[in-house]
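Structure first, commentary second.
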Amino acid sequence: MKGSELTNGRKQTSSNKHHTSDHGSTADIDFDDKYFAERLRQSYRSLAGGWLRRTLSSRTLKYIELGRVSPWSGYSSCRDFRSAPSPPPLFSRLLARGRGRTSVDDDDASPFTEHNLMDLYRNPPSGKARYTWVHWARRLAASNESRTREDLAFDPLSMSNDDGSSSGQHNTITSIQFVHGFSVLRIASALAFILASSIAAALLWVFLGRSGWVNLQAGGRGERVGPGVLAGILGLFVQLVLFAAWLILI
């Protein structure tokens, strides 16, 4: 599952500080990496839904990457270059995959990696008074603006390639994409709950259920073992069906 946010380069390139007014009061907003991370988190929440849906979902945010989307109405183009053997050079320069290239000299390593971007996303205060990723967002927006100027004469009706290579790639803009994946912890917790509740249902039926016969030894618990097992199996089947629907729909 993917969501995209198009970076607003004009807003970020104008100044690192923005002056606001609210009922006569004024305040300066510092456009540092902390603010950039907070805007990323806000955009992700708007795309992923409310907190209840995000909490109960079987999927969670795995990483943030760059992708290409088409600005033209009626034309869908959202390509995953992370799985490609060699992503486009522009993507490699803007945001390296994973932790980036390992280098003996740490000074030569690029800070613009998916791993570092996720670290900033998870901990926005770490970007206080830093402007590394703000400048990166400017570069990303500038790459879209330069490509737009080059393609002013492009006719969207002339696209005929299905692979999106030639003219299809020129008719796209670079965007920030939030990539979802299955949450191992949530799935394991759900399976553990299903198994525990099924066993508990069988035991409760055996020890607390009522028998149709009176004056039986041990309250007729031995007689209720078979029905208790069936109750546990039935509960397990119903919960597995709901579990499958949860994986598919949520």
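Residues that are in contact with a Leu (Cβ under 7 Å, 6 or more places away or on another chain) and at pLDDT 60 or above were ranked within region 1-54; the one that is farthest from L247 (Cα to Cα) is D33. When F207, F243, F154 are checked against the criterion of being modelled with pLDDT of 90 or more and either within 35 Å of the chain's Cα centre (by Cα) or surrounded by fewer than 13 Cβ atoms within 10 Å (Cβ to Cβ) (or both), F243 stands alone in meeting it. A count restricted to region 26-48 and to residues that are under 11 Å from Y121 (Cβ atoms) and among the hydroxyl-bearing types (S, T, Y) stands at 2.
The values are calculated or read from the model by the stated rules, or taken from the named source; none is laboratory data. Please read these numbers as outputs of a predicted model, since none were measured by experiment. Cβ atoms come from the backbone with ideal geometry, glycine included; neighbour counts cover every protein chain shown.
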